[in-house]
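See below for the structure under consideration.
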Amino acid sequence: MKDKLFFILKRLGNSIITLFVLSFVIFSLLFLAPGDPARNLVGTRQATPELLESIRAQHYLDEPFLVQYARWLNGAFRLDFGTSIRAGADVATHVAPFAATTFQLVGMALFFSVIFGLSCGIIAAKNQGTLRDSFINVFALIGTSAPGFAVGLLLLYLLAFQLQLFPMFGSGTFMHLVLPAITLAFAISAMIIKITRQALLHEINTDYTTFMKARAISPIRITLAQLKNASPTILTSTGLVLAALFGSTVLVETIFSLPGLGNLLASSVTFRDVPVVQFIALIMAVIICLTSALVDILVYLLNPQAVRVSTSNLEHAGLLKGRKK
Amino acid sequence: MITIDLQNLNVTSKELDILKNLAFHLNNSEAVGIVGESGSGKSMFVRSLIGLLPIQTSVSGTYRIDNKEISLNAKEKQWRTIRGKDIGMIMQDPFTALDPAVLCGKQILVGVPKNQRRHFDLTAALTEVGLPTYITKRYPTQLSGGQRQRVVIAAALATKPRLLVADEATTALDVITQKEILDLICNIQTQRNMPLILITHNILLAKQRTKRIFVLEQGKIVEQGNTTDVLTAPKQKATKKLLDAHHLLLDAPYATGATREKVILCCKMLSKRFGQTQALNNVDITVDVGECVGIVGESGSGKTTLGRCIVGLTKPDFGFVNYFGTHSPQMIFQDPYNSLNPAHTIRYMLEEALTAAGRAKSELEEIITLAEIPTELLQRKPAGLSGGQRQRVAIARALAPRPDLMICDESVSALDVKVQNQILHMIQKLRKKQNLAVLFITHDLAVLKMIAGRVYVMHQAKIVEHNVTKQILENAQHPYTQKLIAASEIGVS
Amino acid sequence: MKKSNKFRHIIMVVLTLFLVMSMTACGNNHNQENDTNHTNNTDTLNIGVSGSISTLDINQEAGILNYYISALVGEGLVGINNNGQITAGLAQRWYTDDYITWSFIVGDNSMFSDGSPVTIDDIIWSIERAMDPLQSPGVALHFPADIQAITKVSDTQLDIVLSEPTPGFIWAVSNVAGLSVTSKAWAEHADSIGSPQDLLLGSGPFQVIEFSPGSHVILEAQDYWRESDSRSEQGNIRRIRFDFITDDATRLLAFTQGSIDFALNIPIEQSEQWEAVDGAQVDFYADRSYYGLTLDVTHPPFDNEYVRQAVAYSVNAAGIVNSVLRGNATVATAITPPEQFASAIDIEEARTLLADVTHFTYNLERAQKAFDQSGVATFETTIYYPDSFPSVGQASLVIADSLTQIGIITNVVEIPIDQWLAEIGSNQGIAWMILFATTAQPQDMVTWLLSAAGPGSNPANFADEEIARLMANVVTEPAEAGIDDLIKAHDLAQAQAIYVPVWWGQAASAWNRNIAVSDFNSYTLLSQNWVQHFTLQ
């Protein structure tokens, strides 16, 4: 138990350090962009000397860099990222509903794709070489190759327009999120299927599987044991896919007119709304760091000894995987 | 008590006959041995008893347990009533037979039938196999090979089988551990009054531990009967071949030592630590030009680390390696299945080795003659070669840079006895022809006897004894060496 | 045993998390509408637009959508009618003798949508706020910097004193310049004016009842509007819903399905698809936009007047309008389109006046002659166009082809819109100028272009004393009188081929059989109570 706690704390500690470094880079965005930071913060307003002066005062631009960073960080902890240049409102309040929409969208997509992807992957692995396997493989191929906008438009046209089962645009209810979530889930579940199938196939031909079979252990238990052994691979790969997912929702959001983080980030970059861009970048950094930490922790909890350094260090020294004679 | 009756067992895979017309009968609680070369079908036979044949095989025959007919092509569900409950199996490799992600205690329990799980005494089960209770809370990776095999045995016994099958159950273990495990299995068999089927390629083992014996060759039973009778007076050629191969090794003359002139390798005070474990502790080794020196010890004794330090794959923490040869020492590894790149043809690999050594590709002829590789193997990939052939390729590859010293790390341990013989003979020839010095690392004393002039005995990172081979084998001084000899076949025969 | 339980627990926790997330999506925002498709409630007008707004407060964000919504929700002292002429807003009457002191008489029956009365103090507070560039980054630049004083004369009168006579000042206090009067008391209490939490308080015929940035805005007829009694005669729409639909394909589908009744500004290239929808009507109207070339006189060889003439003769405006724009534009004879003059003179008169302004009609022979006369050798130049205007790109190719024929080898390069905006006036030789009129003041579109004070003061970097004098007159003379000077200034600049007008643009909007739309033009959605142009059937 103590080991587990230690590992979790260490892993989270890692994430926090990474986030600090990232926050420094994100903060520096304003200064890395070409031009005078004060001018960049002007946005679409008229750049009068008074305005520039007031911006300099408001953002403490005349103070040393590290002091500014400290102020910004302090504000960040209180969720105060300043005011959106475009909306004139508090950044966190303005961005919150967009973030909520994207979180829900991604959460739903995740839910669909994990359930669908995992089960199909398991079925494909267990029925390797049969028709079932082929079908699933073809689906996975289509899923990874089909461009997102094509899938989205197809779903929009068929299910929202022709059959009128779902709304065509907007946000606010569960139904608004289903089609976009399915669009995203299409590609992700395909990846999860491939990953799961491959990882599980690796475990299916192992000796411990044979030994379990020889002891008449129920096939469900055997599959669970194989999954458990395959879980580091499956979880880690899936975690990577998911982390990348968060930054790529903009296409789906545009097709379905969903006011989400992706769209907001894109337009904020165009409008040079630096505070909003910083906030969204930080959100994404947090999500990605937390996701990979969570995945690592989950892998460890399920399979502690897979993560531990091999105790037999002589295996380290070159003896092959235990084949000692 | 259980009765097994098998008639006309035929197993084919892709047009090839794996087992032909096998008949097998068992109706008491004795130990039965099944012997044969590797590839003779021993494993397939026992797998057909519990329906664990690989997918693309077809099987036919009559199979009866306790006079009840069982279909050899039955569905999984039906096999599950036989597996574990009637027949239990102990598998060969304890390092892969256990689920690495699950605690040992749980793995043992999982096999117990559901309604008995609550009353199952885990401690008693562990004691039966000679393990302390704390093992339940350990993962298999935290245990040694012997301990793991004991867990496997406990797990197999937890299903309360009426017949136990040990499929090469000790082949992957050390000599000393082998003896312990076999003692254990035979003990259990006697105590539980349970029949045992022992599968092995080691004919001596069968002689010691079984009452009846079946000899398999190329999928057919060629001889069977009372063990002592069959093995003292074999009637069939196959049986004789097995015995001969075995004695070949045991009765081989002692290897000739070299005239000790020049030193080719001198290691002094070598020490290496990996984390908590000390792998080498103040080790001194010398090898002379053209000499063959053996390093013997259990797994974990440090012998592989020593070899790697000499070749340069591992850097010692302390001490030095002085090599006086002109060309760098080459290493041949244990597993011929893993040391060759499966994607390349043999020709490509050897030509690559020649180029790396600065020699022309045309000199391919020379090294394949030295390693006795027939030319038709050149265009094949490793998958199309047998274990012995692959090891020859590895040796040829090692010969490309014309080394003065060759280090063989358990290079014949994964091979059949007959093939072992061939490879060892070839190495001896090489030594004479090329004046090649060989450092042979092994746990097998019989191999050492045949090939090594001098022997260093390693135990727990230290050299405990060092002498001419004959002296070591006939007049061991250190208690560990004595234990080793006692456990090995040399000691017994 | 324990291990498998832990495994199960983790799975349960993870599953529950997802379920919870989905639930929150379910029960999210109960005050939002829950219809899966926008079945047409009998009194709602559904408008689909392709842009979006991030705040309702026009002082903060002055995008065109903000103006359209403000026109219905708030009021300035004055407003405009459907013809672009100044009309009464909060002020019932206004007068000035000297164009320095302006007096506005405000009625006492105007109320905000929360029932509170509109007072002079509210108006003054709103004007001062709109003038402050720090508080109102969106609109402050429209305010003349020389307001001396704003005084409350009585409960119904307010006076504004300028430092110089400015006949055009009346525009500054209209909703078209961004003035939207709000309650001082309410504004000072609000955390963030225009946000989804605070929304907007105004005295217009409608109030905002719901706003979801990036998604939609819902307006509802407000009961305290001073003319609410006459409402029943003015059409039957009680609710207006703007949906922000980012993708035009989706918008077309939504229109076909009937989820939106009115699609504002559809892409002209797609107009045929919209017209094909059953029961749909597509209307094209001049959108008061100018597309033309700017020739930088400080960038040789464009400092040579004959070179500039050669360029001007090479532009086949009629060809471009017919082929590239498929007839959905008008060949421009001057910078400012005739509709921009609507507030001062009759449109037909404007058209005639503008047709007489000096401009160069396409004639490759003359182009060649002019170029030969210039004495400049063949040279190479580049035309950059912004990526968000593909038609401009195609037009560039047509122009480049002609120019290359006469000896000016022209390349055409597409660049991002931001880059194009940033590089205007930065020494490019030939550059595009794309202008959209903001207010309805006639000189609005050329205040910058014809500010002839030399490099930096206008995109062509040119100086001309006469043009400068004429433009100064335009500011000080009342609109009708200033028109002549304005036209003369156009004439002088175009005669020198400093600006080469190509076309005046059009926009298209579509609506279905659920509604009837009357007199829709580029002023409609900025005019007072514009909802009266829409009727539900």
- Message: Take the conditions of a type in the set (Ser, Thr, Tyr), crowded, with 23+ Cβ neighbours inside 10 Å, over 21 Å from A:ILE142 (Cα atoms) and not assigned by TED's automatic domain parsing to the domain that holds A:HIS59 and apply them to A:SER189. Does it pass?
- Response: no
- Message: Restricting to the range B:5-31, name every residue that is buried (at least 20 other Cβ atoms within 10 Å of the Cβ), more than 16 Å from B:VAL222 (Cβ to Cβ) and in contact (Cβ under 8 Å) with a residue 60 or more places away in the chain.
- Response: B:VAL11, B:ALA31
- Message: Looking only at the range C:93-138, filter to residues that are in a strand (DSSP E or B) and among the aromatic types (Phe, Trp, Tyr); which one of those is nearest to C:ASP57 (Cα to Cα)?
- Response: C:PHE104
- Single condition B:PHE95 does not satisfy, out of (1) hydrophobic (A, V, I, L, M, F, W, C); (2) more than 8 Å from every other protein chain (Cβ to nearest Cβ); (3) closer than 19 Å to B:VAL152 by Cβ; (4) out of contact with any Phe, Trp or Tyr (no Cβ under 9 Å at 6 or more places or on another chain): (2)
- Query: Are any of the residues in the range B:432-444 more than 15 Å from B:CYS292 (Cβ to Cβ) and within 14 Å of chain A (Cβ to nearest Cβ)?
  - Reply: yes
- Task: Mind listing whichever residues of the range B:167-199 are more than 19 Å from B:GLY84 (Cα to Cα) and in contact with an Asp or Glu (Cβ under 6 Å, 6 or more places away or on another chain)?
- Result: B:ALA172, B:ASP174
- Query: What is the number of the single condition among (1) surrounded by fewer than 21 Cβ atoms within 10 Å (Cβ to Cβ); (2) within 10 Å of another protein chain (Cβ to nearest Cβ) that A:PHE211 does not meet?
  - Reply: (1)
- Specify the residue that is farthest from A:LEU177 (Cα to Cα); the eligible residues are those in the range A:251-297 that are small (Gly, Ala, Ser) and away from chain C (no Cβ under 14 Å). A:ALA293
- Message: I'd like to know if the range A:69-86 contains one or more residues that are facing another protein chain (nearest Cβ under 10 Å), at pLDDT below 90 and in contact with a strand residue (DSSP E or B) (Cβ under 7 Å, 6 or more places away or on another chain).
- Response: yes
- Message: Test of understanding: among A:THR173, A:THR101, which residue is touching a residue at least 24 places away in the same chain (Cβ under 8 Å) and within 9 Å of chain C (Cβ to nearest Cβ)?
- Response: A:THR101
- Task: Look at A:SER248 and say whether it is more than 13 Å from chain C (Cβ to nearest Cβ), at pLDDT below 85 and touching a Gly at 6+ places or on another chain (Cβ under 8 Å).
- Result: yes
- Can you find even one residue in the range C:113-136 that is more than 14 Å from chain A (Cβ to nearest Cβ) and without any contact (Cβ under 8 Å) to a residue 12 or more places away in the chain? yes
- Query: What are the residues in the range B:148-167 that are surrounded by fewer than 20 Cβ atoms within 10 Å (Cβ to Cβ) and more than 11 Å from chain A (Cβ to nearest Cβ), if any?
  - Reply: B:ARG162
- Item | Residue that is part of a helix (DSSP H, G or I), closer than 26 Å to C:GLN270 by Cα and free of Cβ contacts under 8 Å to residues at least 12 places away in the same chain, where the choices are C:ASP418, C:ASP401 | C:ASP418
- Item | Scan of the range A:227-245 for residues that are within 9 Å of another protein chain (Cβ to nearest Cβ) and polar (S, T, N, Q), ordered by number | A:ASN229, A:SER231
- For the range A:143-157, enumerate the residues that are more than 11 Å from every other protein chain (Cβ to nearest Cβ) and either buried (at least 24 other Cβ atoms within 10 Å of the Cβ) or over 18 Å from A:VAL114 (Cβ atoms) (or both). A:SER145, A:ALA146, A:PRO147, A:GLY148, A:ALA150, A:VAL151, A:LEU154, A:LEU155
- Query: What number goes with the only condition from (1) within 14 Å of another protein chain (Cβ to nearest Cβ); (2) closer than 30 Å to B:GLN56 by Cβ that A:ILE123 does not pass?
  - Reply: (1)
- Do you know which residues across the range A:176-208 are part of a helix (DSSP H, G or I), out of contact with any Gly (no Cβ under 9 Å at 6 or more places or on another chain) and within 14 Å of chain B (Cβ to nearest Cβ)? A:LEU201, A:HIS202, A:GLU203, A:ILE204, A:ASP207, A:TYR208
- Item | Qualifying positions in the range B:334-368 - among the aromatic types (Phe, Trp, Tyr) and modelled with pLDDT of 85 or more | B:TYR348
- Output for the range C:100-114, where each listed residue is at pLDDT 90 or above, surrounded by fewer than 20 Cβ atoms within 10 Å (Cβ to Cβ) and either acidic (Asp, Glu) or over 16 Å from C:SER180 (Cβ atoms) (or both): C:ILE100, C:THR101, C:SER103, C:ILE105, C:ASP114
- Task: List the strands (runs of 3 or more DSSP E) that sit entirely inside the range B:264-380 and contain at least 2 residues that are within 12 Å of another protein chain (Cβ to nearest Cβ) and aliphatic (A, V, I, L, M).
- Result: B:277-288
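Residues are listed down the side, and each one gets a yes or a no for (1) within 14 Å of chain A (Cβ to nearest Cβ); (2) crowded, with 22+ Cβ neighbours inside 10 Å; (3) touching a Lys or Arg at 6+ places or on another chain (Cβ under 8 Å):
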{"site": "C:ALA377", "(1), (2), (3)": "no, no, no"}
{"site": "C:SER391", "(1), (2), (3)": "no, no, no"}
{"site": "C:THR404", "(1), (2), (3)": "no, no, no"}
{"site": "C:VAL413", "(1), (2), (3)": "no, no, no"}
{"site": "C:ILE417", "(1), (2), (3)": "yes, no, no"}
{"site": "C:GLY425", "(1), (2), (3)": "no, no, no"}
{"site": "C:PHE462", "(1), (2), (3)": "no, yes, no"}
{"site": "C:GLU465", "(1), (2), (3)": "no, no, no"}
{"site": "C:VAL474", "(1), (2), (3)": "no, yes, no"}
- Message: So, in the range B:364-393, exactly how many residues are over 22 Å from the mean Cα position of the chain (by Cα) and surrounded by 15 or more Cβ atoms within 10 Å (Cβ to Cβ)?
- Response: 11
- Query: Got a sec? Which of B:ALA437, B:ALA414, B:ALA396 is surrounded by 21 or more Cβ atoms within 10 Å (Cβ to Cβ) and either farther than 17 Å from B:SER339 by Cβ or not assigned by TED's automatic domain parsing to the domain that holds B:LYS361 (or both)?
  - Reply: B:ALA437
- Kindly state which helices (runs of 4 or more DSSP H) lie completely within the range C:257-376 and contain at least 2 residues that are under 30 Å from A:PRO167 (Cβ atoms). C:271-275
- Task: Scan the range B:337-360 and report the pairs whose first residue is assigned by TED's automatic domain parsing to the domain that holds B:ALA414 and among the hydroxyl-bearing types (Ser, Thr, Tyr) and whose second residue is assigned to a loop (DSSP other than H, G, I, E, B) and buried (at least 18 other Cβ atoms within 10 Å of the Cβ), with Cβ atoms within less than 8 Å and a gap of 6+ or a chain change.
- Result: B:TYR337/B:ALA414; B:SER339/B:PHE333
- Task: Give the residues of the range B:113-130 that are part of a loop (DSSP other than H, G, I, E, B), surrounded by fewer than 22 Cβ atoms within 10 Å (Cβ to Cβ) and either within 25 Å of the chain's Cα centre (by Cα) or within 14 Å of chain A (Cβ to nearest Cβ) (or both), sorted by residue number.
- Result: B:PRO113, B:ARG117, B:PHE120, B:GLY130
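The values are calculated or read from the model by the stated rules, or taken from the named source; none is laboratory data. The structure displayed is predicted, hence computed values, not measured ones. Reconstructed Cβ throughout: ideal geometry from the backbone, glycine too, with neighbour counts over all protein chains shown.
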